[in-house]
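Scroll down for the structure; my scribbles are underneath it.
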Amino acid sequence: MKLAEALQERADLVRKIAQLGSRINDNALVQEGEKPNEDPKAMLAELRSCVTRLEKLIAAINYTNCSVKVDGVTLTQMIARKDTLRSLQSVLRAAIEAASQSTYRARGAEIKIVSTLDVGALRKESDSVAKELRLLDNKLQQANWTFDLIEE
C-alpha cells in the first residue's frame, strides 16, 4: 500500500468513526417496547474495529514519515515545515490586510491613520512563502504516491 492510500484510509476511518458515534447516539435510547433503527451494540463492535485499525494505520504512517527521506529530509520534517509555513502565511496575510486598510477622512483636520508596516515587502514575503509552500506540498504529494507504507 502506498503512503497516499494509507492517508486516504486514515481520513475515511476518522469520518467513519465520527459517523458511528453519531449513529450510536441516535439509537442509544428508544421508547420502551420499541426497537432502535440500528443495533447500537453492533455499531459499537464496528467502532472498536475501526479504532483498532486507525491506531495501527496512524503508527505505520508516523513510522513511514520518520523513516522516508526526500532530498535528505524526512517526511516528518517536511510536514513540520509545511505547517509552520502555513502559520507564517496566515499571519502575513492578516497583517497585509490590516495594514492595507484605508480610512476615510471627511476633513483634512481629522486624525490621519498610517500603516506601520511595509505592505509591499510583506506581500513579497507572503508570495515567497506561498511559493515555498506550494513546492513543498508538491514534493510531499509525490512522496506519498511514491513510497510504500512501512508496517512493522
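The values are calculated or read from the model by the stated rules, or taken from the named source; none is laboratory data. Note that the structure is a prediction, hence the values are computed from the model and not measured. With ideal geometry, Cβ positions are generated from the backbone for all residues, glycine too; neighbour counts draw on all protein chains shown.
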Considering the stretch 57-105 alone, what residues qualify as being charged (D, E, K, R), in a helix (DSSP H, G or I) and in contact (Cβ under 8 Å) with a residue 24 or more places away in the chain? 81, 82, 86, 93
Could you please give the count of residues in the stretch 62-85 that are farther than 13 Å from residue 140 by Cα and surrounded by 14 or more Cβ atoms within 10 Å (Cβ to Cβ)? 2
Give me the pairs: first residue in the stretch 117-131 and in a helix (DSSP H, G or I), second residue of a type in the set (Ser, Thr, Tyr) and at pLDDT below 95, beta-carbon distance under 7 Å, and six or more apart or on different chains, which are they? 119/100
